[in-house]
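Read the structure below first, then the notes.
The values are calculated or read from the model by the stated rules, or taken from the named source; none is laboratory data. Being a predicted model, the structure only gives us computed values, none of them experimental. All Cβ positions, even for glycine, are placed from backbone atoms using ideal geometry, and neighbour counts span all protein chains on display. The accessibility values were calculated without ligands, DNA or RNA, using every heavy atom of the protein model including side chains. Shrake-Rupley method; radii C 1.70, N 1.55, O 1.52, S 1.80 Å.
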Amino acid sequence: MLTNCKKSCGTCGGPSPGPTPTNGIDWRTKGAVNAVKNQGSCGSCWSFSANMAMEGAHFIASGTLLSFAEQQLVDCSKSNYGCNGGMQNTSFQYYEQNYAMSESSYPYQGKGGTCRYNNRGTGVKASGYKKVTADSVSTIKTALIMDSSAIGMVGYRSANRVEYWIARNS
(Lines give C-alpha, C1' and ligand atoms only; values in the text may rest on other atoms or scores of the structure.)
Protein backbone atom coordinates (compact mmCIF):
# COMPACT_ATOMS: atom_id res chain seq x y z
CA MET A 1 0.00 0.00 0.00
CA LEU A 2 1.31 3.42 -0.98
CA THR A 3 1.77 5.83 1.89
CA ASN A 4 0.69 9.34 0.99
CA CYS A 5 1.66 11.56 3.90
CA LYS A 6 -0.22 14.61 2.69
CA LYS A 7 -3.49 12.91 3.57
CA SER A 8 -4.26 12.96 7.26
CA CYS A 9 -6.02 10.20 9.12
CA GLY A 10 -8.89 11.35 11.30
CA THR A 11 -9.49 7.95 12.87
CA CYS A 12 -6.10 6.27 12.65
CA GLY A 13 -5.70 3.34 14.93
CA GLY A 14 -4.76 -0.27 15.10
CA PRO A 15 -5.34 -3.27 17.24
CA SER A 16 -5.02 -2.86 20.98
CA PRO A 17 -1.73 -4.28 22.24
CA GLY A 18 -3.70 -6.84 24.29
CA PRO A 19 -2.25 -8.54 27.34
CA THR A 20 1.38 -7.66 27.91
CA PRO A 21 3.37 -10.59 29.32
CA THR A 22 6.08 -8.24 30.68
CA ASN A 23 6.39 -4.51 31.24
CA GLY A 24 6.64 -4.16 27.48
CA ILE A 25 9.42 -2.59 25.46
CA ASP A 26 10.30 1.02 24.80
CA TRP A 27 13.20 1.49 22.39
CA ARG A 28 13.37 5.20 23.26
CA THR A 29 14.68 4.35 26.73
CA LYS A 30 17.30 2.03 25.23
CA GLY A 31 18.77 4.74 22.98
CA ALA A 32 17.53 3.25 19.69
CA VAL A 33 15.29 6.15 18.61
CA ASN A 34 16.40 9.54 17.33
CA ALA A 35 14.53 12.75 18.15
CA VAL A 36 11.41 13.54 16.14
CA LYS A 37 12.21 15.19 12.82
CA ASN A 38 10.11 17.68 10.83
CA GLN A 39 9.09 16.59 7.33
CA GLY A 40 7.46 19.94 6.59
CA SER A 41 4.87 20.00 3.81
CA CYS A 42 6.64 17.34 1.72
CA GLY A 43 4.69 14.06 1.72
CA SER A 44 7.77 12.05 2.67
CA CYS A 45 6.66 10.36 5.90
CA TRP A 46 7.47 7.02 4.26
CA SER A 47 11.17 8.02 4.14
CA PHE A 48 11.15 9.07 7.80
CA SER A 49 9.52 5.84 8.96
CA ALA A 50 11.78 3.67 6.80
CA ASN A 51 14.87 5.47 8.12
CA MET A 52 13.62 5.19 11.70
CA ALA A 53 13.36 1.43 11.28
CA MET A 54 16.83 1.28 9.69
CA GLU A 55 18.33 3.47 12.43
CA GLY A 56 16.78 1.29 15.14
CA ALA A 57 17.87 -1.96 13.51
CA HIS A 58 21.42 -0.61 13.14
CA PHE A 59 21.45 0.46 16.79
CA ILE A 60 20.29 -2.97 17.95
CA ALA A 61 22.95 -4.67 15.80
CA SER A 62 25.85 -2.31 16.58
CA GLY A 63 25.02 -0.27 19.69
CA THR A 64 25.48 2.94 17.67
CA LEU A 65 22.57 5.23 16.81
CA LEU A 66 22.99 6.96 13.46
CA SER A 67 20.69 9.43 11.73
CA PHE A 68 20.07 8.53 8.08
CA ALA A 69 19.17 10.98 5.30
CA GLU A 70 15.47 11.08 4.41
CA GLN A 71 16.39 13.38 1.53
CA GLN A 72 18.45 10.56 0.01
CA LEU A 73 15.31 8.44 -0.26
CA VAL A 74 13.20 11.35 -1.53
CA ASP A 75 15.74 12.13 -4.27
CA CYS A 76 17.20 8.72 -5.11
CA SER A 77 14.66 5.95 -4.45
CA LYS A 78 13.00 5.96 -7.86
CA SER A 79 10.49 3.25 -6.85
CA ASN A 80 8.91 5.90 -4.62
CA TYR A 81 7.34 9.25 -5.49
CA GLY A 82 9.38 11.76 -3.49
CA CYS A 83 7.12 14.31 -1.81
CA ASN A 84 4.04 12.63 -3.32
CA GLY A 85 4.29 9.46 -1.23
CA GLY A 86 6.11 6.18 -1.14
CA MET A 87 6.42 2.84 0.57
CA GLN A 88 8.69 1.56 3.29
CA ASN A 89 9.35 -1.76 1.55
CA THR A 90 10.68 -0.09 -1.61
CA SER A 91 12.86 2.09 0.63
CA PHE A 92 14.32 -1.05 2.21
CA GLN A 93 14.84 -2.51 -1.26
CA TYR A 94 16.72 0.67 -2.19
CA TYR A 95 18.89 0.26 0.93
CA GLU A 96 19.63 -3.34 0.04
CA GLN A 97 21.44 -1.96 -3.03
CA ASN A 98 22.73 1.39 -1.72
CA TYR A 99 24.38 2.60 1.48
CA ALA A 100 22.38 4.89 3.73
CA MET A 101 23.94 8.33 3.85
CA SER A 102 24.01 10.32 7.06
CA GLU A 103 21.58 13.15 7.57
CA SER A 104 24.50 15.53 8.10
CA SER A 105 26.02 14.64 4.71
CA TYR A 106 22.69 14.81 2.83
CA PRO A 107 20.48 17.33 4.72
CA TYR A 108 16.70 17.27 4.44
CA GLN A 109 15.28 19.94 2.10
CA GLY A 110 11.58 19.12 2.27
CA LYS A 111 11.29 18.98 -1.53
CA GLY A 112 12.43 16.68 -4.31
CA GLY A 113 15.79 17.24 -5.94
CA THR A 114 18.57 15.64 -7.94
CA CYS A 115 20.06 12.48 -6.41
CA ARG A 116 23.41 13.23 -4.77
CA TYR A 117 24.23 9.67 -3.64
CA ASN A 118 28.01 9.16 -3.49
CA ASN A 119 28.30 5.35 -3.00
CA ARG A 120 30.12 5.78 0.32
CA GLY A 121 27.41 6.67 2.76
CA THR A 122 27.59 5.29 6.27
CA GLY A 123 28.51 1.76 5.22
CA VAL A 124 25.05 0.62 6.33
CA LYS A 125 22.79 -1.33 3.99
CA ALA A 126 19.59 -3.27 4.62
CA SER A 127 20.17 -7.00 4.73
CA GLY A 128 16.47 -7.80 4.54
CA TYR A 129 13.15 -6.83 6.04
CA LYS A 130 9.88 -8.39 7.13
CA LYS A 131 6.38 -7.07 6.69
CA VAL A 132 4.29 -7.43 9.85
CA THR A 133 0.53 -7.50 9.44
CA ALA A 134 -1.49 -5.20 11.66
CA ASP A 135 -4.10 -7.86 12.45
CA SER A 136 -1.89 -9.90 14.77
CA VAL A 137 -1.15 -8.30 18.13
CA SER A 138 1.29 -11.02 19.14
CA THR A 139 3.19 -10.67 15.84
CA ILE A 140 3.42 -6.90 16.32
CA LYS A 141 4.70 -7.34 19.88
CA THR A 142 7.26 -9.91 18.79
CA ALA A 143 8.45 -7.58 16.02
CA LEU A 144 8.75 -4.69 18.48
CA ILE A 145 10.82 -6.78 20.87
CA MET A 146 13.23 -7.42 17.99
CA ASP A 147 13.25 -3.92 16.49
CA SER A 148 11.32 -0.68 16.09
CA SER A 149 8.83 -0.75 13.21
CA ALA A 150 8.57 1.18 9.96
CA ILE A 151 5.31 2.86 10.87
CA GLY A 152 6.89 4.54 13.83
CA MET A 153 5.97 2.10 16.56
CA VAL A 154 8.79 2.15 19.10
CA GLY A 155 7.26 0.05 21.84
CA TYR A 156 4.30 -0.99 23.92
CA ARG A 157 3.52 -0.65 27.61
CA SER A 158 0.92 -1.19 30.26
CA ALA A 159 -0.05 1.36 32.93
CA ASN A 160 -2.89 1.00 35.39
CA ARG A 161 -4.02 -2.11 33.50
CA VAL A 162 -4.34 -0.12 30.27
CA GLU A 163 -2.35 -1.45 27.32
CA TYR A 164 -1.00 1.03 24.76
CA TRP A 165 1.33 1.30 21.78
CA ILE A 166 4.18 3.83 21.74
CA ALA A 167 4.55 5.58 18.37
CA ARG A 168 6.90 8.21 16.99
CA ASN A 169 5.95 10.40 14.07
CA SER A 170 8.12 12.64 11.87
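Listed values, structure above:
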| quantity | calculated |
| --- | --- |
| Listed residue pairs exceeding 28 Å between alpha carbons, taken from 30/141; 37/141; 111/141; 78/131 | 111/141 |
| From phi via Karplus (6.51, -1.76, 1.60), per-residue ³J(HN,Hα) for the range 39-44 in Hz, x at Gly/Pro | 7, x, 8, 6, x, 10 |
| Cβ-placed point charges (K, R +1; D, E -1), dipole of the range 54-150 about Cα centre in debye, nearest 20 | 160 debye |
| By average C-beta atoms within 10 angstrom, highest first, the peptides 77-84, 135-142 | 77-84, 135-142 |
| With DNA, RNA and ligands ignored, accessible area of residue 116 (1.4 Å probe; Å², nearest 10) | 120 Å² |
| Descending semi-axes in whole angstrom, ellipsoid equivalent of the range 22-170, from the Cα gyration tensor | 27, 15, 14 |
